[in-house]
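Every number here is computed from the coordinates shown, using simple stated rules; none is lab data. This is a predicted model, so every value here is computed, not measured. Glycine also receives a Cβ, built like all others from the backbone with ideal geometry; neighbour counts cover every protein chain displayed.
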Amino acid sequence: MKGVVFNLLESMVEETFGLAAWDEILTKAESEGVYVASSTYPDAELMAIVAAASDLTDIPVDTLVRKFGAYMAPGFKSLYPQFFERCSGLKDFLLTVDGVIHVEVRKLYPDAGIPEFSYNDEQPDRLTMIYQSPRKLCMLAEGLIDGTAKIFGEEYSLEHSICMHNEADHCELALSFG
Ligand code: HEM
């Protein structure tokens, strides 16, 4: 994971649980806590920090990862406003994640751990995003979708009944808009 992701996680923990909590979490996770945005750090280190945060706060790991995804969305919006400005709304934006946004991210950071999304787009008010990644961070994707929906001021509902955490080889995030 890129340092930028750790930087956003640190901001979320400090804003939500305070500075002391971040220090305590780093100690538990045996992490130094110095992250350069463009450098790459082990995925396991991020997961150790999330596990330590879960222990400290009694919030389940899945809930924290989802919350973190929602927090990342406005962070990405301030870092990369052009990705949001070119889109007319939530569905339009989500359709650019795989073929535009993550393609640009990979150009900037060739070693970034980027997931694969494909789409099932058969009705104007629906979209299914098919997620595949060895990191199985589908709850981060759920949170990012939620945070993005807030940025566009749109309502949506999500069904996630096919999941990699339930022995499937991919996740299906079935969205209805409006
Ligand atoms: C402007 C918007 C976005 C930007 C700039 C962006 C960029 C990135 C970056 C930098 C990473 C981390 C790579 C690493 O640490 O090695 C990442 C990972 C990820 N992105 Fe995006 N992303 C955006 C939107 C989205 C959206 C809307 C979704 C969900 C639908 C999404 C799903 C994910 C997931 C789940 C990961 C974690 C890695 C994995 O699952 O393998 N991203 N993205």
Matching residues, segment 1-42, being outside any helix (DSSP H, G or I), touching a helix residue (DSSP H, G or I) at 6+ places or on another chain (Cβ under 6 Å) and of a type in the set (Val, Ile, Thr): 36
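Residues checked against (1) within 18 Å of residue 8 (Cβ to Cβ); (2) near the ligand (Cβ under 10 Å from one of its atoms); (3) assigned to a helix (DSSP H, G or I):
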residue	(1), (2), (3)
91	no, no, yes
105	yes, yes, yes
113	yes, yes, no
131	no, yes, no
140	yes, yes, yes
147	yes, yes, yes
158	no, no, no
168	no, no, no
172	no, no, no
Pair list, Cβ < 9 Å and 6+ apart or interchain, from segment 90-111 residues that are without any contact (Cβ under 8 Å) to a residue 60 or more places away in the chain to residues that are of a type in the set (Phe, Trp, Tyr) and assigned to a loop (DSSP other than H, G, I, E, B): 101/80; 104/80; 105/80
